[in-house]
Amino acid sequence: MELLDSNVDLKELQKLQGHADRVWGLAWNPAPHNCGGASAMLASCSGDKTLRIWQMGPTHRFDCSTILEDTHTRTVRSCAWSPCGKFLATASFDSTTAIWKYVGGDFECVATLEGHENEVKSVTWSSSGTFLATCSRDKTVWIWEVQPGDEYDCVAVLQGHSQDVKMVQWHPLVDVLVSVSYDNSIKVWAEDGDSDDWHCVQTLNEGSSGHASTVWSVAFNSSGDRMVTSSDDLTLKIWDTSSAISQTDTEGFASWRHLCTLSGYHGRTIFSAHWSSEGIIASGAGDDALCLFVEEKGNSIEEPSYRLLLKKEKAHDMDINSVRWNPKDQRILASASDDGTIKIWEVREIS
Amino acid sequence: MTLGLINANPVVHERRERLSRADDPPHHPYPHPHPHSHPDDVLDALDVFDSVRDIRDPEHPYSLEQLSVLSEESITVDEKLGRIQITFTPTVQHCSMATVIGLCLRVKLMQCFPPHFKVDIKVSPGSLANEEAVNKQLNDKERVAAALENPNLRQLVDECLYSSELYSY
């Protein structure tokens, strides 16, 4: 189904209620069959200090199967599944990151990562399964190496941002990390081939056509040659690395360049953007709206550009904090809001 | 030399007499529990001002109104869009309490008005040396949320909000 030429709508399939405070983050399990045979599993984290897991049942409806509580003492801000789907990391304002393991139908907290001086804002698992990264208001990015026996060793404390770091995200193919910050910049981090030292290989700030205010999120496309960032400056920016991607060569990822800026679609801070495996970018913002964008396939001589596919006003009653595509079903999107709810949407073609 | 207070000698104004409007119901937070009897009784700047005018300054035993930190004119409301904008004027150029005042305003508005209202809080232009930095922090909802989970800050905010009960009648 070629979406680029058709008209689409966004159908609300279900509204998930239960959290007692705003929902900050979402994460789809990439391998739900490893967790008891569910066809789809979604984790959500909240200001109510809990993490909830929602599973799709035989009727294709989601039910809350697990509530992880009494661990974090403050807001749970971000959650991320390991590539194998058996581990879940939760990052909290209480300055810790908890690691949960699926054991016989339940989730057990098997490790707590400490070290940040204040609120942890984001956690991300590398696709190799080797590393985790976290970031904090303390301006640092920490890289943790996964060891046997549920041990996690801190291998780097990365300084460089001058303010609060809002989100970190591993590249989908290689162990390269991107961080975005309240200091308005985007930083790319990689390991030095010789010394195994992590360092900043590129900084994208206002001078490099970057954002003019806090950058809230970053997401890669599935082939890893593009990324999208969203900001308080009311724009989304698409970045491209035209280098050939190889599994081992991380040097190609130090050369991101600005491709395109999407402005005028949201009237308030854009908190989240995510790229589907099919190439649709979803964005959610403080104006309560959800937007979908696709690449404009046109004149191959011109620079690639993106166009709005759809805007859903009042997708939620309040700010949208997170939007995430289901990796197993590329037309399904989840959104999380300050209104305490999560919505499951389906992108459909309309004739 | 006075130690401690940022502004040891604030200028204190009289509390402006509250003009009672015809058929004003007893003071309740908006929305009123009784249905509005007048069709043009919409939420306006005065409603918002009434909810925040008596917030106590973090450093002095006076309200934000008495210290001219706030006035009715510094507030704009659009009920249909669900927006409230407040501008406030710290008493001195180098006020370290500006972010605390901003926090107090947000908490009070969250308590008094429907949750879907979007609130923008700024310091009045030219009133603060690090105006841009303060405005940015005041309007970063993640920073606000984390600040309110800090028990010390929360206690200070609560003191500013609840001691105002001495003034309301």
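When region B:121-135 is filtered for residues that are open to solvent by 40 Å² or more (accessible area, probe 1.4 Å) and either assigned to a helix (DSSP H, G or I) or out of contact with any helix residue (DSSP H, G or I) (no Cβ under 8 Å at 6 or more places or on another chain) (or both), the ones remaining, listed by number, are B:G126, B:A129, B:N130, B:E131, B:E132, B:A133. The number of residues in region B:53-84 being of a type in the set (G, A, S) and in contact (Cβ under 8 Å) with a residue 60 or more places away in the chain comes to 1. Counting only strands (runs of 3 or more DSSP E) wholly contained in region A:282-351, the ones carrying 2 or more residues that are more than 13 Å from chain B (Cβ to nearest Cβ), open to solvent by 60 Å² or more (accessible area, probe 1.4 Å) and modelled with pLDDT under 95 occupy A:342-350.
Among the residues of region A:114-130, those that are open to solvent by less than 50 Å² (accessible area, probe 1.4 Å), hydroxyl-bearing (S, T, Y) and more than 14 Å from every other protein chain (Cβ to nearest Cβ) comprise A:T124, A:S126, A:T130. Listed here are the strands (runs of 3 or more DSSP E) enclosed by region A:193-243 that have at least 2 residues being in contact (Cβ under 8 Å) with a residue 24 or more places away in the chain and open to solvent by 10 Å² or more (accessible area, probe 1.4 Å): A:198-204, A:215-220, A:235-240.
Filtered by the rule that a residue be surrounded by fewer than 19 Cβ atoms within 10 Å (Cβ to Cβ) and away from chain A (no Cβ under 11 Å), region B:145-160 gives B:N152, B:L153, B:R154, B:Q155, B:L156, B:D158, B:E159. Exactly one residue out of A:A98, A:A111, A:A133 is among the small types (G, A, S), open to solvent by 10 Å² or more (accessible area, probe 1.4 Å) and either in contact (Cβ under 8 Å) with a residue 40 or more places away in the chain or not in a loop (DSSP other than H, G, I, E, B) (or both), and it is A:A111. Just one of the listed residues (A:A91, A:A80, A:A98) is within 14 Å of another protein chain (Cβ to nearest Cβ), in contact with a strand residue (DSSP E or B) (Cβ under 6 Å, 6 or more places away or on another chain), under 28 Å from B:V144 (Cα atoms) and not charged (D, E, K, R), and it is A:A91. Residue check: is A:K49 more than 20 Å from A:G105 (Cβ to Cβ), open to solvent by 50 Å² or more (accessible area, probe 1.4 Å) and either modelled with pLDDT under 95 or away from chain B (no Cβ under 14 Å) (or both)? Considered against the rule, which asks whether it is more than 20 Å from A:G105 (Cβ to Cβ), open to solvent by 50 Å² or more (accessible area, probe 1.4 Å) and either modelled with pLDDT under 95 or away from chain B (no Cβ under 14 Å) (or both), A:K49 comes out as no.
When only residues in region A:254-281 that are within 14 Å of chain B (Cβ to nearest Cβ) and of a type in the set (V, I, T) count, which is surrounded by the most Cβ atoms within 10 Å (Cβ to Cβ)? Residue satisfying both the conditions and the ranking: A:I270. So, A:C64, is that one farther than 30 Å from A:E295 by Cβ and either at pLDDT 95 or above or open to solvent by 20 Å² or more (accessible area, probe 1.4 Å) (or both) or not? Criteria met by A:C64.
The values are calculated or read from the model by the stated rules, or taken from the named source; none is laboratory data. In this text, all values refer to a predicted model and were calculated from it rather than measured experimentally. Cβ coordinates were reconstructed from backbone atoms using ideal geometry, including for glycine residues, and neighbour counts include every protein chain displayed. Quick note on the areas: whole protein, heavy atoms, side chains included, nothing else; ligands and nucleic acids left out. Shrake-Rupley method; radii C 1.70, N 1.55, O 1.52, S 1.80 Å.
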